[in-house]
Every structure is written in structure tokens, then in C-alpha cells.
1. Checking the condition among the charged types (D, E, K, R), assigned to a loop (DSSP other than H, G, I, E, B), buried (at least 18 other Cβ atoms within 10 Å of the Cβ) and under 17 Å from the mean Cα position of the chain (by Cα), which residue from Asp346, Asp351 passes?
2. Does Ala222 satisfy being surrounded by fewer than 17 Cβ atoms within 10 Å (Cβ to Cβ) and either of a type in the set (A, V, I, L, M) or farther than 25 Å from Gly359 by Cβ (or both)?
3. Checking the conditions here, which among Glu257, Glu228 is over 24 Å from the mean Cα position of the chain (by Cα), at positive phi and acidic (Asp, Glu)?
4. Filter the stretch 9-34 for residues that are assigned to a strand (DSSP E or B) and in contact with a Ser or Thr (Cβ under 7 Å, 6 or more places away or on another chain); which is nearest to Ser325 (Cα to Cα)?
5. Would you check if Leu41 is crowded, with 21+ Cβ neighbours inside 10 Å, in a loop (DSSP other than H, G, I, E, B) and assigned by TED's automatic domain parsing to the domain that holds Asn210?
6. Does any residue of the stretch 204-219 turn out to be touching a residue at least 60 places away in the same chain (Cβ under 8 Å), over 30 Å from Leu8 (Cβ atoms) and basic (Lys, Arg)?
7. For residues in the stretch 141-163 being touching a strand residue (DSSP E or B) at 6+ places or on another chain (Cβ under 9 Å) and in a loop (DSSP other than H, G, I, E, B), which is nearest to Leu62 (Cα to Cα)?
Amino acid sequence: MKKKKLSLFLFIDAFGWEVRQRHPDFLKGLIVDSKPLETILGYSSACDPSIISGLTPAEHKLWSSYFYDPEHSPFTWTKPLGLLPDFIFNRGRVRGRMSRWVKKRCGISGYFQLYAVPFSQLHLFNYAEQKRIWEPGGLPQGRSVFDRMTERGIPYYTHNSDFNDEQRIESLHAHIENQSIEFAYCSLGGLDGLMHAKGNNHPDIGKLMNRYDAAFRELIAAAELYYEEVAWYVFTDHGMHNVTGSYDLISDIQALELKWNQEYCAFYDSTMARFWFKSENARAKIFQCLENHPQGRILPDDELKKYGVYFVDGQYGELIFLMNSGVQIAPSFMGIKPCAGMHGFDPADPDSKASISSGKPIPESVTGIQHIFNLMLSELNLEA
């Protein structure tokens, strides 16, 4: 006997509108409607919580991964590691193992990576995504679709972050066959990783999209076999830019000869630099250095408010500097060398646009990634 309805929300990380346009055969014959979506300034750490809650980062309180908070840092115990030479920890495999160890030691259940944050400075920062956001109670503020489904007793599937893409799809397929769910949110990260390594137009992207195409067709067919009604959406959180150059912004700031953690502190993301000030001297010097910088611009409060990433208390930085699109900060606290592809640039850029496709018409009101939340509630017959 068929179960009544299944809502499938299939997330391909970084499957932006420009990339979507270059692969017109993806789910050809199944897609009824497809459109670009506005993204949010920042990274998946900001976008994903907005998708599942309908809130801006300023509302759900998750933006970049790290923020200055030495008094409450869970990493104070790592301070002695800062005495060791950086080259020991700068290897990818070593950082990966260290990330798993630090995550377990700190009791973090959310997505966690050390990236290239120097151990000599890690103890000055707190980590935003302490809890796994794909579960009830995962957001610091606000309620997600998972909170609402749990409250209503709606059985659902969400991906296991320890699984690779193939395992996640296989697991979802099993849940569909068992008719054990009414809703699925499955996030796949292979495309994002591939474009970081090879850029947004490499031939290998087409091969991966063909594999996704075949897997999604099987999922949708299985859902239609076991459920009377199937609503499905394929969407993403942001696009991907090709990296056209890199710039050592850290050296520019260090040349000002300000005292670290006495006059200022900074976190250098891949596309943004965020600053906290302990002296007006530091504020003035850094502002002067960056206000007419050829590699980027200081974001005014009005623009931060427009993007929903203005924090009154300066939690994620009192001054935000955004790099020119395509130019990556390298070295940064996220990586020593530049990638071939990167996201987190100006949301207005075509390569920043997200995308959504479906086997049914998409409401005109869905124009930004945070509106996917209302789509999910609508398919679940839940009120916003």
C-alpha cells in the first residue's frame, strides 16, 4: 500500500544558477520550473541555517564559523599547541585529524573544521555552530523546520554528515522504500568540493552532474512507487566563483605594527576580513588602510543590514572588509593557498546566485534562499 505523501528537498552544495545553466540536461524532462535565488553574504555557515529557518543570520545568530570571544572560547586548552612550529599542523591530513580530535574534545556536534586557524590564536575565538543544525534545537536562536516537524510528530530523514554523497543517497533510498518518512532533506557536498579544487567549469563537473542526475531520477522514481504524492525540489545555498587571483591582506595589516589582542584582533576568512578593536588608534589605522584598498571594500552598516548580517553587538566583527570578487585572501585563517573556486563574494554577482528546480511550479514569492523554508512548511501543511 502506498503512503500518502513524500516531500523531497535535495540540496546540492554550490549548484548556483550559472552552473545550473551550463548543465541543461540535468533532470531534463522532469524539471517543470527552475529559477535563480538570491543568496546571503557569507558561507554555508550562514546560508544553510537561513534555508531551514527562513531567518537572516542576524536573526538566527549564525554567520561565519569563528568570532572573537576569548572569555568563552572552548579552545583555551589548545594554547600550548601554539608553541609548536606551524608547519607541523599546516598539512591537510594533519589538520583533518586535529579537527576531529578538537571537535570531540570540545563537545561540538555541529559541522566543525579547524581550517588554517593558527593554534597560537585559536584560544581567542569561539565557534558559532556548536550544535548540529539539522536537528531540533540546532539553532542558537529561532526554530527550524526540524523543530516544527518534531513538535508535530512528522517522521523525516536528514543526511548523516559522516556519510559521503553516495552513502547519503543510498540511505535516503532505503528510507523511501521502507516508507518510514514523510519529508527528506538531503545535503550533498561533492560538487562544492570539486569546484573548490578545479573551478566552476571543469569537465569533471559534467561527469558529477550526470551521476547526480541518475541518482535523483532513481530516488524520484522510487518515491513515486511508494507514495501517492511526491513533491521534490533540487536547490542550493550559493554559487561558485573562479578564483582569478589572491592577495596577502594579513601582511598589510601587520605592517601597521599594531599589537595583536591588545589593540585589535582579526579573523581572516577566504573572502572577508573581520576586525575587533581595543583602541581607537587601531580602529583609525586599519580603517585608513582599508578604506580605499584596491583589493576590496569596507562594508557600511546599511549594506550589512540589507544582507541581514548586521550584528548590533559586533559579534562577528566591528569592521567587515569584503574582497573584490574572484580575489581570495591567501594566506588566510581558512587556508594557506588559494583555491581554484571560492564563494562568499558579493551576493549581487551572477556567480553568487543560488538556484532551485522542481517538478512543479515554484511560487513567485520564492526569490531568496531563506524562502525555501516557507516552501517546506507549505509542502508539510504547516503554518509559517
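The values are calculated or read from the model by the stated rules, or taken from the named source; none is laboratory data. Treat the numbers as computed from the prediction; the structure is a model and nothing was measured. Cβ atoms come from the backbone with ideal geometry, glycine included; neighbour counts cover every protein chain shown.
1. Checking each option against the conditions leaves just Asp346.
2. Against the criterion (surrounded by fewer than 17 Cβ atoms within 10 Å (Cβ to Cβ) and either of a type in the set (A, V, I, L, M) or farther than 25 Å from Gly359 by Cβ (or both)), Ala222 does not qualify.
3. Glu257
4. Ile12
5. So Leu41 fits the description; yes.
6. No, the conditions are met nowhere in the stretch 204-219.
7. Ser161
Here is a yes/no grid of residues against (1) surrounded by 15 or more Cβ atoms within 10 Å (Cβ to Cβ); (2) in contact (Cβ under 8 Å) with a residue 12 or more places away in the chain; (3) in a helix (DSSP H, G or I); (4) touching a strand residue (DSSP E or B) at 6+ places or on another chain (Cβ under 9 Å):
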residue: Glu170; (1), (2), (3), (4): no, no, yes, no
residue: His173; (1), (2), (3), (4): yes, yes, yes, no
residue: Gln179; (1), (2), (3), (4): yes, yes, no, yes
residue: Ala184; (1), (2), (3), (4): yes, yes, no, yes
